[in-house]
Amino acid sequence: MTVLSVNVNKIAVLRNSRGGAEPDPAATARVALAAGCHGITVHPRPDQRHIRVDDVARVAAVLGGAEYNIEGNPFAPPRGSYPGLLEIARATRPAQVTLVPDGDGQVTSDHGFDLARDGARLRPLVDAFKEIGCRVSLFMDAGSPDIERVAELGADRIEIYTGPFAHAFASGDASRELDACARTAERANACALGVNAGHDLNQKNLGALRRAIPSLDEVSIGHALFAEAIYEGLATTIRNYLAILDAP
């Protein structure tokens, strides 16, 4: 079964644009879980431009046993009230951490790790996250030559960056990018790695990805889900995603 983790970062963006406490990422997580999603994702960045450090703990408090996935750049040092991703994980003990090579200048995550460059630095960090009980997933490009090295570093899963697939799908011909995602998943599975996917997935393109990757473990969806929810309602949108993931 492919599980759905709802990324509530966009709720924090909306809240922060106005100030105050609403809309609340923790309350949103509670609604998403009540609608049937399997877990919640947050991506706290050092500049805290959306999810803040205090949000991470408040969301953890409403999970009720559902899976927590915390994304972030493991290389980003502490800054102000941001203690670093490892310390955030130590405080909340998420089921999974997804390590992402994003910097402050990026609006959103837009590429996977280059392990020829970053592998040596990642290895002790992967070990540190696993020592506190986290499953570790590395954000990787479809077609990356480094998939096999992910397993060598001791990580448990990859998350395929699906932005190029989603862009190609919207343009009308996603066959090449979809095949790249499928072949990447096969290579990961051959190394005993699990496979997650995320970025720009929506109700139009998710079914095609799910069919191309039968072993897909998890999708993390935020921006598109909440954009669609503006029109359809949050509970309805989540049920629509679940129906897509349950389809043969």
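Each value in this text was obtained by applying a stated rule to the coordinates, not by laboratory testing. From a predicted model like this one, the values you see are computed outputs, not experimental measurements. All Cβ positions, even for glycine, are placed from backbone atoms using ideal geometry, and neighbour counts span all protein chains on display.
Rg to Rh ratio, the stretch 149-228, alpha-carbon atoms and Kirkwood radius?
In the stretch 149-228, Rg relative to Rh is 0.98.
Note the per residue figure in Å³ for the convex hull of the C-alpha positions in the stretch 167-212.
So the per-residue hull volume is 66 Å³.
Using 0.36 nm per residue, how much length does the chain from residue 183 to residue 53 gain when fully extended, once their Cα-Cα distance is taken away?
43.1 nm
As a test of understanding, state the convex hull volume per residue of the stretch 24-73 from its alpha carbons, in Å³.
Residue-normalised Cα hull volume stands at 65 Å³.
Would you list the P(r) distribution for the stretch 55-160, with all Cα-Cα distances sorted into 10 Å bins from 0 and each bin expressed as a whole %?
So the P(r) values, bin by bin, are 14, 48, 32, 6.
By what distance, in whole Å, do the Cα atoms of the chain stretch along each of the three principal axes, largest value first?
Result for the chain: principal-axis Cα extents of 45, 42, 33 Å.
Identify, among 8, 212, 100, the residue whose Cα sits farthest towards the positive end of the charge dipole of the stretch 3-246, taking +1 on the Cβ of Lys and Arg and -1 on the Cβ of Asp and Glu, with the dipole about the Cα centre.
Positive-end residue among those listed: 8.
Output the antiparallel fraction of DSSP beta bridges having both residues in the stretch 3-246, as a percent to the nearest 5.
Taking every DSSP beta bridge within the stretch 3-246, about 5 percent pair in antiparallel fashion.
Taking every alpha carbon pair in the stretch 1-102, what does the distance histogram look like in 10 angstrom bins from 0, in percent?
16, 51, 30, 3, 0
Roughly how big is the chain's charge dipole about its Cα centre, with Cβ charges of +1 (Lys, Arg) and -1 (Asp, Glu), in debye to the nearest 20?
Numbers: 25 positive and 31 negative charges, 88 e Å.
Once rounded to the nearest 20, the dipole reads 420 debye.
Can you compute the helix-only [θ] at 222 nm over the chain? Use -39500 (n - 2.57) per DSSP H run of at least 4 residues, normalise by all residues, nearest 500 deg cm²/dmol.
Result for the chain: -13500 deg cm²/dmol, rounded to the nearest 500.
What FRET efficiency comes out for the pair residue 152/residue 95, r = Cβ-Cβ distance, R0 = 25 Å, nearest 0.05?
Step by step, r from the Cβ atoms, then E = 0.60.
Using Cβ counts within 10 Å as a stand-in for footprinting exposure, how do 204, 10 rank, fewest first?
So the residues, fewest neighbours to most, are 204, 10.
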